[in-house]
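Quick notes on the structure that follows.
A short reminder: the numbers here are calculations on the coordinates, not readings from a lab. Please read all numbers here as calculations on a predicted model, not as lab measurements. A quick note on method: Cβ atoms are made from the backbone with ideal geometry, for glycine too, and the neighbour counts reach across all protein chains shown.
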Amino acid sequence: MSKSTFAVIGFGHIGKKHAIMVSGNDDSDLVAIIDTDEAKQKKARDTYSGVQVFGSLEDFLTSDVEADVVNICTPNGYHASQAIKALDNRSHVVLEKPMGLTRQECEEVIFKSLQVSKHVFCVKQNRYSPSSKWMKSLMEENKLGRINMVQLSCYWNRDSRYYKAGGWKGTRNLDGGILFTQFSHFIDIMYWLFGDIQNIVAMSTNFNHKGSTEFDDSGLVQFEFVNGGFGSVNYSTAIYGQNFESSIVVVGEKGTLKVSGQYMDKVEYCHIEDYEMPQLPPPNPPNDYGDYKGSAANHHYVIQNVIDVLTGKSQISTNALEGMKVVEMIERIHNKQRQMLH
Ligand SMILES: NC(=O)c1ccc[n+]([C@@H]2O[C@H](COP(=O)([O-])OP(=O)(O)OC[C@H]3O[C@@H](n4cnc5c(N)ncnc54)[C@H](O)[C@@H]3O)[C@@H](O)[C@H]2O)c1
């Protein structure tokens, strides 16, 4: 079997992890790294001799280097337009979260992928965490009966160690907000488990980041699930000193559970009718970026899924429609918050 070839665009915190996962997999070859920053290009050359390094997506697309898959690990605001260019060049695309910053640009990506018959894989690696898989199995087996209430809480710290002057983080156009950049994994898990939301009431404010972000750092959101039941999301990056918690409480007709910890990976409470809690495998540690920590280090599952799909062994674990749905939900929440403010 020939190996799948990959190019990684954006050799920053997460692009480096994509490169490690691709080059470490027996069934894939890393053939190109693309980054506009010269220091990152040098780092890529020093780390991966034999891998072609480019200073722009256009330079790569007009070169004779071909990649079956392009992994897009650049700032959020570039995801959709770069995906469309890579698809147009007849590569499959792996899109870091979020898939885009608006529903419209996600639709354009999907339209292009259908036009050229190429796949779009969205990165939502928290779905692979043992506690997430366990909650999904509970929902699929309807163990909790009717879902009455779901409460998602995301309380992390992002401060001057994260928002550096001149960077893309904190900007409206390239970052888009903390529901996109910090918490879209958790919105995705909620959507994956309980489906779409409606009748949103939301507010937001900026407690700590008025000088560093063009958007608010904290919000409260309430809604109904289309499938029934109430939900809420409380979120903030204005937590003192370090990440505090990402948790979900599920109140069902026949049971209650809480999964918490800094990264929503520890089952804190489970009481379900005629049910014994199984022993779950330990979660993978969070990605550690030095100055701050992020979501689960599960990217090897994402790359393996891409290879398995391309070799006909599996289906896409998070497809473009689901990626778009999460973007669209966040967009609707933001719109409600803006209406509230003005
Ligand atoms: N799945 C996860 O857990 C996870 C974790 C971190 C980041 N991310 C996502 O990955 C993306 C990158 O985040 P990061 O923290 O690695 O950011 P980063 O700033 O560390 O890296 C971004 C890189 O992209 C490069 N770049 C910028 N514009 C470019 C362009 N037009 N063409 C080519 N290269 C360009 C920059 O030079 C930089 O090296 C974001 O979309 C973020 O939301 C996902």
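When residues of the range 135-163 are filtered for being within 23 Å of the chain's Cα centre (by Cα) and of a type in the set (A, V, I, L, M), how many remain?
So the answer is 5.
Within the range 136-170, the set of residues being in contact (Cβ under 8 Å) with a residue 60 or more places away in the chain, more than 22 Å from D288 (Cα to Cα) and not in a strand (DSSP E or B) comprises L138, K143, L144, G145, R146. crowded, with 16+ Cβ neighbours inside 10 Å, within 12 Å of the ligand (Cβ to nearest atom) and either hydroxyl-bearing (S, T, Y) or free of Cβ contacts under 8 Å to residues at least 24 places away in the same chain (or both): does that describe Y263? Taking the combined requirement at face value, the residue satisfies it.
Taking each residue of the range 1-15 that is in contact (Cβ under 8 Å) with a residue 24 or more places away in the chain and over 13 Å from V93 (Cα atoms) and looking for partners that are more than 6 Å from the ligand (Cβ to nearest atom) and assigned to a helix (DSSP H, G or I) with beta-carbon atoms closer than 6 Å, six or more apart or interchain, yields F11/A44.
Examine the range 240-257 for a residue that is part of a strand (DSSP E or B) and within 13 Å of the ligand (Cβ to nearest atom), and state whether such a residue exists. For the range 240-257, residues part of a strand (DSSP E or B) and within 13 Å of the ligand (Cβ to nearest atom): present. Selection of the range 187-204 for residues being more than 23 Å from the chain's Cα centre (by Cα) and of a type outside the set (A, V, I, L, M) yields only N199.
In the range 54-83, the qualifying residues are those that are crowded, with 20+ Cβ neighbours inside 10 Å and of a type in the set (V, I, T), and the one that is farthest from the ligand (Cβ to nearest atom) is V69. Of the residues S113, S137, which single one is more than 16 Å from the ligand (Cβ to nearest atom), surrounded by fewer than 23 Cβ atoms within 10 Å (Cβ to Cβ) and under 25 Å from A32 (Cβ atoms)? Selected residue: S113, the only one of S113, S137 that is more than 16 Å from the ligand (Cβ to nearest atom), surrounded by fewer than 23 Cβ atoms within 10 Å (Cβ to Cβ) and under 25 Å from A32 (Cβ atoms).
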